[in-house]
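Take a look at the structure set out below.
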Amino acid sequence: MTRTALLLLDYQVALAEEGDLCLAPPLAAAVRERGVLKTARRVLDAARSAQIPVFHIRLAFDPTYGLRTNRLARFDGYPAHRTMLGDSPEARIVDELTPTDVEPVVDKGCVNPFIGTPLRDLLAAEGVGHVVLGGIATHLVVESAARHASDSGLQVTVVEDMCAAPAPALHEHAVTATLPLFGTVSSADDIIGSWA
């Protein structure tokens, strides 16, 4: 039987919470409007109850920014403004989804959670063959994770209502056109029901 893990992708203060620390206001607004954090918490609670391994992935840099693997100009703002450092308040995972002491937190330096991180090895060590994904933004980290996981031989399920993008059209295109090419698109209720 294939072991399942829940991957929580980029649910961070700078991306998911409106306010002074927010670096992506349209995305944070979509997270609020769609009730993404409440839904993600329901799925997280269900995973914990079912003893499904949980992995938290976040964009977070070392003080040198030398581990930043994405060298595109749009990532230049992080070192220029000294944002998203690993110990910074904006890089913190939101309170609703705070990891427990037994849930690994994987820091990445690009969009894809598998590049430059031990995530694939951690999943292999746990015997995981199926990943359930939720995160923000849908068309970025979730899509990148789904593509990479699928190409790595993992089964992929994306929980649509745990995801958001800064524009509804971006989310809709990802969940209807792109993500179904790499796995199954499901709902929180269906996933929770399957773990009950």
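The values are calculated or read from the model by the stated rules, or taken from the named source; none is laboratory data. None of the values given here were measured: they were computed from a predicted structure. With ideal geometry, Cβ positions are generated from the backbone for all residues, glycine too; neighbour counts draw on all protein chains shown. The area values use the complete protein model at the heavy-atom level, side chains included, leaving out ligands, DNA and RNA. Shrake-Rupley method; radii C 1.70, N 1.55, O 1.52, S 1.80 Å.
List the relative contact order of region 104-193 as a percent without decimals, with contacts defined as Cα pairs under 8 Å and 6+ residues apart. Working shown, then result.
Working: 127 pairs, mean separation 23.5, N = 90.
Reported as a whole number, the value is 26 percent.
Helix 25-34 axis versus longest C-alpha principal axis of the chain: approximately 30°, rounded to the nearest ten.
What fraction of the Cα pairs in the chain, stated in percent, has a spacing above 21 angstrom? In whole percent, the long-distance tail amounts to 47.
Ranked by the mean number of other Cβ atoms within 10 Å of their residues, highest first, the peptides 8-14, 81-87 come out as 8-14, 81-87. Based on alpha carbons, the Rg and Dmax found for region 95-179 are 13.1, 37 Å.
Note on Leu85/Glu33: beta-carbon distance plugged into 1/(1 + (r/R0)^6) with R0 of 35 Å gives a FRET efficiency of 0.75. Protein heavy-atom accessible surface, 1.4 Å probe, per residue over region 44-195: 45 Å².
Taking a point 7 Å from the Cα of Gln51 along the Cα-to-Cβ direction, the residues of region 124-154 with backbone N closer than 20 Å to it are 124-132. Please report, as a whole percent, how much of the solvent-accessible surface of the chain comes from carbon and sulfur atoms (probe radius 1.4 Å). That share works out to 54 percent.
Lys and Arg at +1, Asp and Glu at -1: add these up for the other residues within a Cβ distance under 13 Å of Val43 and post the number.
Details: positive: Lys38, Arg41, Arg42, Arg48; negative: Asp45, Glu96, Glu160, Asp161, Asp189, Asp190.
Its environment carries a net charge of -2.
Close amide H partners of Gln155, meaning residues 5 or more places away or on another chain with modelled amide H under 5 Å apart, are His130, Val131.
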